[in-house]
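Working notes for the structure below.
The values are calculated or read from the model by the stated rules, or taken from the named source; none is laboratory data. If you're wondering where the values come from, they're calculated on a predicted model, not measured in any experiment. Reconstructed Cβ throughout: ideal geometry from the backbone, glycine too, with neighbour counts over all protein chains shown. Keep in mind that these areas ignore ligands, DNA and RNA; they rest on the heavy atoms of the full protein, side chains included. Shrake-Rupley method; radii C 1.70, N 1.55, O 1.52, S 1.80 Å.
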Amino acid sequence: MDAFVRGFEKASEWITAVVFYSVPVADVQFPLIVGWLVVAGLFFTIWLKFMNLRGFKLAIDLVRGKYTGPDEVGEVSHFQALATAVSGTVGLGNIAGVAVAITIGGPGATFWMIICGLLGMSTKMAECMLGVKYRREHADGSVSGGPMFYLTDGMKALGLGGLGRVLAVFFAICMIGASLGGGNMFQSNQAAAQIIGVTGGAEGPLGGYSWAIGVAFAVLVGVVIIGGIKSIAKVTEKVVPFMGVLYVSSCLLVIFFNVPAIPSAIGEIFAGAFTGAGAAGGVIGALITGFQRAAFSNEAGLGSSATAHSAVKTKEPATEGYVASLEPFIDTVVVCTMTALTIVVTGAWKDPSATEVGGVVLTSRAFETVLPWFPVVLSVAVVLFAFSTMLSWSYYGMKATAYLFGDSHTAENVYKVVFCVFTAIGAAAALEPVINFSDSMIFLLGLANIIGLYCMAKVIRREILGYHARIKSGEVRRLDKASH
Amino acid sequence: MATVVIGVDDSPASRRAVEFAIERYKVESFALVLVHIINWSPFSFNTPEENEHRHARREAELEAAFEQVITPMKLLAEGAGMAPTIVVRHGNPADGLIGVSREQQADHIIVGRAGERGLREHVFGSVASRLVQHAPVPVTVVP
């Protein structure tokens, strides 16, 4: 196991150096790839005429089924597609990632995280619309969608078939890497850290046994994805939304207990965002860490959740675009902000050892300041979030494997075994190499995906703005009132 | 001529509801609409695999509904000289029946009573009692 872990740590160092090639901006290192994602968010926000904000109510109405036609009843609903995508997205990035952002970027990182979430809504809208538009329906009635398909077919429609195919293959390879990194190792790493944390830390009965927890996770994941015990996946899928509500309520409770600290916390967030107070590297440091952790958490521009969104049954691909824009909103603007506020109001980030413990342990400490047994609630949430995120990403990785190897069963089985091995390694490796490897793979997805999005920008705009115009003109009507 | 909607599933109570309608038909003829609502909610949580195969599953559910629920009831009604209109769709059973009644401009709804008791009644409620509370037309509940 040790040799594996050391080998992984070396590989992680190398990949990180390549992906996060940084240029110095005002004394801080600015990773170009983060800029790449933010610029895309900004571009699509303007290009789609601020539909991320203007289309918000429409998105809510779509989720509530107000535009669902009678022939679509009984198919995958907008709500179901969104819920499935969100349960893959809301993971440890929302708890651990945010804690990391605040220890490095100070409270000001929160502000930039929210901005990144709002911009991400536009990118997510663009990619998920394409996911539906270019999905493939198989003979057995099942559907496959996602960046591999829109990069292949959407680019072909523009006469860029060759480039599209190259991007799709590159994307699929990175998707497999990302599913093993951020969607897997990072999750098991932080879940294991939290379990050890609540059972008494390094001196507790589980201290030093992170590898065993990793193996336990690997077995559980293996039972579902290799053993085909779907009932575990079904239960997880149903419990996770409640854990999400429980987590957000717990954060609100912690914030409520610290009401007097709220004004100064908000002050610190704004001051940090514009003056760089409390951030390593000042304003730019706060901005970069905020953007980086938000992008990792909501996955906008990476194309990952377009796979989940494309399952919806609709004649209008734009509808799922609008609905998908709610995903970064829920993930970043709501859940990440809750974590951030919790850490800032309790002052947990000011602890001198904050940088050292980092991640989920810091969030846990913030919870602990209110009620001593709260970390246990957090642990349950963490383990469930981690598990559901692992299952979702194993599905994404499987889809990428299927795309690359033409639905070969051998390839899929090899992938599943490798996935479980990485679950185990993830728990045993140190946090930093894990987080770096996760980030590298995840951000590489954005490289291929966003090139495709730019190429198909006209198609995206026609669909998104066209649908909105037809709503405004009354050509597309609400259907919920017709039958009453 | 009046229009009567009968909500059916594969229970003996549904059969009794159809038989009750047949008795009434002998007294006064009416247009019959046989409705089966497949219990389904757009607000449930599914795994990606479930979503991927949902379309095929929906087709299978519709087919099963026609074969196992509608066909026996239809034969029963046809045997009594009625020519029922058939509606099968997904949704909440009570709301679905109310929706069909509105679309068909029904004058009357007939359902059988499953007779859930105790915990099940509290947890799942009952299609019949919900209908009685919310239907726009008179409802007959056949025990």
key: Cα-projected label distance for residue B:11 with residue A:6, points at 7 Å along beta-carbon direction, nm   = 6.8 nm
ask   = Across 5 Å bins from 0, what is the distribution of all Cα-Cα pair distances for region A:1-102, in whole percents?
value = 2, 9, 9, 11, 17, 16, 11, 8, 7, 6, 3, 1
note = With region A:35-93 reduced to its Cα atoms and the Debye formula applied, log10 I(q)/I(0) at q = 0.21, 0.24 1/Å amounts to -0.98, -1.01
key: Inter-label distance for residue B:3 and residue A:371, nm, one decimal - labels placed 7 Å from Cα along Cα-to-Cβ   = 5.4 nm
key: 5 Å binning of all Cα-Cα separations within region A:238-322, expressed as whole percents from 0 upward   = 3, 11, 11, 12, 17, 17, 12, 10, 6, 2, 0
note = Taking Cα atoms only, Rg over Rh for region A:247-380 with Rh from the Kirkwood formula is 1.04
ask   = List the GluC sites (Glu not before Pro) in region B:27-118 that DSSP assigns to loop (not H, G, I, E or B) and whose Cβ has at most 14 other Cβ atoms within 10 Å. Which are they?
value = B:28
task = Grab the alpha carbons of region A:378-456, take their convex hull, and tell me the volume per residue in Å³.
result = 124 Å³
task = Quote the charge dipole size of chain B about the Cα centre in Debye, to the nearest 20; the model charges only the Cβ of Lys and Arg (+1) and of Asp and Glu (-1).
result = 400 debye
task = Any chance you could give the angle, 0 to 90 degrees and rounded to 10, that helix A:32-47 forms with the longest Cα principal axis of chain A?
result = 40 degrees
task = Have a look at chain B and give its Rg and Dmax from the Cα atoms, expressed in angstrom.
result = 15.6, 53
inquiry  = Quick check: the distance between the Cα centres of region A:203-261 and region A:89-153, to the nearest angstrom?
reply    = 21 Å
inquiry  = If exposed means no more than 16 neighbouring beta carbons inside 10 Å and the site is in a DSSP loop, what's the longest run of chain A without any exposed trypsin sites (Lys or Arg not before Pro)?
reply    = A:67-314
inquiry  = Straight-line reach only, C-alpha to C-alpha below 17 angstrom: list the lysines that residue A:458 could link to, leaving out same-chain residues fewer than 8 apart.
reply    = A:49, A:124, A:133, A:156
ask   = Per the Kirkwood definition applied to all pairs of different Cα atoms, how many angstroms is the hydrodynamic radius of region A:343-427?
value = 15.5 Å
key: the protein assembly as shown, dipole about Cα centre (Lys/Arg Cβ +1, Asp/Glu Cβ -1), debye to the nearest 20   = 1160 debye
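Suppose R0 equals 56 Å; then what is the FRET efficiency for residue A:163 and residue B:26 from their Cβ-Cβ distance, rounded to the nearest 0.05?
Once the sixth-power term is evaluated, E becomes 0.15.
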ask   = What dipole magnitude, in Debye to the nearest 20, does region A:37-112 give about its Cα centre under +1 on Lys/Arg Cβ and -1 on Asp/Glu Cβ?
value = 320 debye
key: Within the protein assembly as shown, percent of DSSP bridges classed antiparallel, to nearest 5   = 25 percent
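What ranking of B:71, A:275, A:363, A:103 comes out by heavy-atom accessible area, probe 1.4 Å, highest first?
Working: B:71 65, A:275 95, A:363 0, A:103 25 Å².
Output order, biggest surface exposure first: A:275, B:71, A:103, A:363.
May I ask you to derive the relative contact order of chain A, considering only C-alpha pairs under 8 Å and at least 6 residues apart, and to give it as an integer percent?
Working: 871 pairs, mean separation 171.9, N = 484.
Worked out over chain A, it gives 36 percent.
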ask   = Relative to the first principal axis of the alpha-carbon coordinates of chain A, what is the inclination of helix A:262-275, with its axis defined by its Cα atoms, in degrees from 0 to 90 and to the nearest 10?
value = 80 degrees
request  = Can you find, among A:18, A:305, A:346, the residue farthest towards the positive end of the dipole of the protein assembly as shown? Put +1 on the C-beta of Lys and Arg, -1 on that of Asp and Glu.
outcome  = A:305
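To the nearest 500 deg cm²/dmol, what mean residue ellipticity at 222 nm is calculated for chain B from DSSP H runs of n ≥ 4 alone, each contributing -39,500 (n - 2.57), summed and divided by the residues?
Numbers: 7 runs with 67 residues, N = 143.
Calculated from helices alone, the mean residue ellipticity at 222 nm is -13500 deg cm²/dmol.
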remark   = Once both label points are put 7 Å beyond Cα along the C-beta direction, the residue A:465-residue B:39 separation in nm becomes 4.8 nm
note = Heavy-atom accessible area of residue A:71, protein chains in place, probe 1.4 angstrom, given in Å² to nearest 10, is 90 Å²
request  = Jot down the radius of gyration and Dmax of chain A, Cα atoms only, both in angstrom.
outcome  = 21.4, 67
note = Cα extents of region A:68-194 along the principal axes, largest first, in whole Å, come to 49, 40, 30
note = Semi-axes (Å, rounded, descending) of the ellipsoid equivalent to region A:162-274 per its C-alpha gyration tensor are 33, 26, 17
key: Efficiency of FRET between residue A:477 and residue A:235 - r from beta-carbon atoms, R0 56 angstrom, step 0.05   = 0.90
ask   = Looking at B:76, B:55, B:38, which one has the Cα that reaches farthest to the positive end of the dipole of region B:1-79 (charges on Cβ: Lys, Arg +1; Asp, Glu -1)?
value = B:76
task = With all protein chains present, calculate the accessible area of residue A:401 using a 1.4 Å probe and round the result to the nearest 10 Å².
result = 0 Å²
key: Mean separation of Cα contacts under 8 Å (6+ apart) over length of region B:1-121, as relative contact order %   = 45 percent
query = Could you work out the helix-only [θ] at 222 nm for chain A, with each DSSP H run of four or more residues adding -39,500 (n - 2.57) and the total divided by the number of residues, to the nearest 500 deg cm²/dmol?
reply = -22500 deg cm²/dmol
Dimensionless Rg/Rh of region A:357-400 - Kirkwood Rh, Rg from C-alpha atoms = 1.19
request  = Set the Förster distance to 25 Å, then compute FRET efficiency between residue A:259 and residue A:50 from the Cβ-Cβ distance, nearest 0.05.
outcome  = 0.15
ask   = Which listed residue (B:101, A:45, A:374) has the Cα farthest towards the positive end of the charge dipole for the protein assembly as shown, taking +1 on Lys and Arg C-beta and -1 on Asp and Glu C-beta about the Cα centre?
value = B:101
note = Averaging 1/r across every pair of distinct alpha carbons in region A:343-484 and inverting yields a Kirkwood hydrodynamic radius, in angstrom, of 20.1 Å
remark   = Largest-first ranking of A:393, A:14, A:211 by accessible area, probe 1.4 Å, whole protein assembly kept, is A:14, A:211, A:393
